[in-house]
């Protein structure tokens, strides 16, 4: 068989069997970065499917379905693929683990073991030459979308996920990672067709709901997730001085339900929550905490006190430094330091002059600073 034809057929098989690597997975992973356009056709179709809205139009039900499925599946990406399979920040049963993996499959972001392997690899080599999606090494576009089109990033290195590949049901979902997305898309189409026939007041149908609920919602979900690979290493604030350039961003935390606290996460990866402090909104953590009350998951891992104290010291240092810089940029602040106390003293003097203060009668007993000493005093020395 000609080599080109053999390569084409192999790629077509990989659409359905992600572990089919006739030349060996190691050889593929060691190949140079290169876009495999044929292998990426399903990914391209996902984006082109959004154009179907030109023919299907929109309805309030279809649009809100897309929004709901975006946030529901974003919580799955962050709470299941990331915080469970990649970092094991909480514990669950084997049946529930399989259910979580099925939910992860609806995100159309490959299998759970592939996702976990790449994310663990990212932490091991973050912003280094071997990091597959570092914007500092490969540029913004490659870190955001290009890396997932490179054939060297298609195989799963099972040696990096030995804690997961011992479960054959997870290996099956990872190997045939197109099964769940296809069934999910068919389910959305079927729901739209059913509603079109039995609930015409919703003004939707199978094709319209497929475009909005699957293509548009899933494409938005992919780019929302990818913002952490690209933008979370470029924009935001660095509380912790990690070896990479991870950053915290409130905007990204809202878009990704808590993943925007990326610098926190890179400082301590084992915590169930990425928003370390109460004011850092982390919706994924709130959902996982709520789920733990049902007993389906347990053992949520907290942020160590030492890490929190380190962050507080850093925040305090940054605040003092910012105030110092402000004095040099705005010298008028220094004069305010002299004006405000003087104005306060004048105001107090004016009030005292208007309302003379009568000196208090000297107290017969000195107020004790230690409440415990009151219990040691003789009974007759105590007050009424």
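Structure data summary
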| quantity | calculated |
| --- | --- |
| Check on residue 185, under 24 Å from residue 144 (Cα atoms) and out of contact with any strand residue (DSSP E or B) (no Cβ under 9 Å at 6 or more places or on another chain) | no |
| Residue, modelled with the lowest pLDDT, within region 1-43, restricted to residues that are closer than 18 Å to residue 148 by Cβ and part of a helix (DSSP H, G or I) | 11 |
| Residue 223 closer than 25 Å to residue 138 by Cα, touching a residue at least 12 places away in the same chain (Cβ under 8 Å), in the same structural domain as residue 123 (by TED's automatic domain parsing) and crowded, with 23+ Cβ neighbours inside 10 Å | no |
| Matching residues in region 248-291 - criterion: being in contact with a strand residue (DSSP E or B) (Cβ under 6 Å, 6 or more places away or on another chain) and surrounded by fewer than 22 Cβ atoms within 10 Å (Cβ to Cβ) | 280, 291 |
| Verdict on residue 156 being touching a residue at least 24 places away in the same chain (Cβ under 8 Å) and over 20 Å from residue 19 (Cβ atoms) | no |
| Set 170, 209: member being buried (at least 19 other Cβ atoms within 10 Å of the Cβ), in the same structural domain as residue 69 (by TED's automatic domain parsing) and either without any contact (Cβ under 8 Å) to a residue 60 or more places away in the chain or closer than 18 Å to residue 77 by Cβ (or both) | 170 |
| Residues that are part of a helix (DSSP H, G or I) and surrounded by fewer than 16 Cβ atoms within 10 Å (Cβ to Cβ), drawn from region 173-206 | 179, 182, 183, 186, 187, 190, 194, 197, 198, 200, 201 |
| Residue tally, condition in a helix (DSSP H, G or I), surrounded by 17 or more Cβ atoms within 10 Å (Cβ to Cβ) and over 13 Å from the mean Cα position of the chain (by Cα), over region 71-97 | 2 |
| Residue among 101, 68 that is closer than 28 Å to residue 208 by Cα, in contact with a helix residue (DSSP H, G or I) (Cβ under 6 Å, 6 or more places away or on another chain) and either assigned by TED's automatic domain parsing to the domain that holds residue 266 or in a loop (DSSP other than H, G, I, E, B) (or both) | 101 |
| Criterion: free of Cβ contacts under 8 Å to residues at least 60 places away in the same chain and assigned by TED's automatic domain parsing to the domain that holds residue 126 - qualifying residue of 232, 178 | 232 |
| Condition check for residue 108: touching a helix residue (DSSP H, G or I) at 6+ places or on another chain (Cβ under 8 Å), surrounded by 20 or more Cβ atoms within 10 Å (Cβ to Cβ) and in the same structural domain as residue 201 (by TED's automatic domain parsing) | yes |
| Residue within region 75-84 that is assigned by TED's automatic domain parsing to the domain that holds residue 282, in contact with a strand residue (DSSP E or B) (Cβ under 7 Å, 6 or more places away or on another chain) and closer than 23 Å to residue 15 by Cα present | no |
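Per-residue answers, yes or no, for (1) crowded, with 17+ Cβ neighbours inside 10 Å; (2) under 27 Å from the mean Cα position of the chain (by Cα):
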residue: 7; (1), (2): no, no
residue: 17; (1), (2): no, no
residue: 21; (1), (2): yes, no
residue: 33; (1), (2): no, yes
residue: 40; (1), (2): yes, yes
residue: 49; (1), (2): yes, yes
residue: 57; (1), (2): no, no
residue: 64; (1), (2): no, yes
residue: 69; (1), (2): yes, yes
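The values are calculated or read from the model by the stated rules, or taken from the named source; none is laboratory data. What you are looking at is a predicted structure, and each value in this text was computed from that prediction instead of being measured. Heads up, the Cβs are rebuilt from the backbone with ideal geometry, glycines too, and the neighbour counts pull from every protein chain shown.
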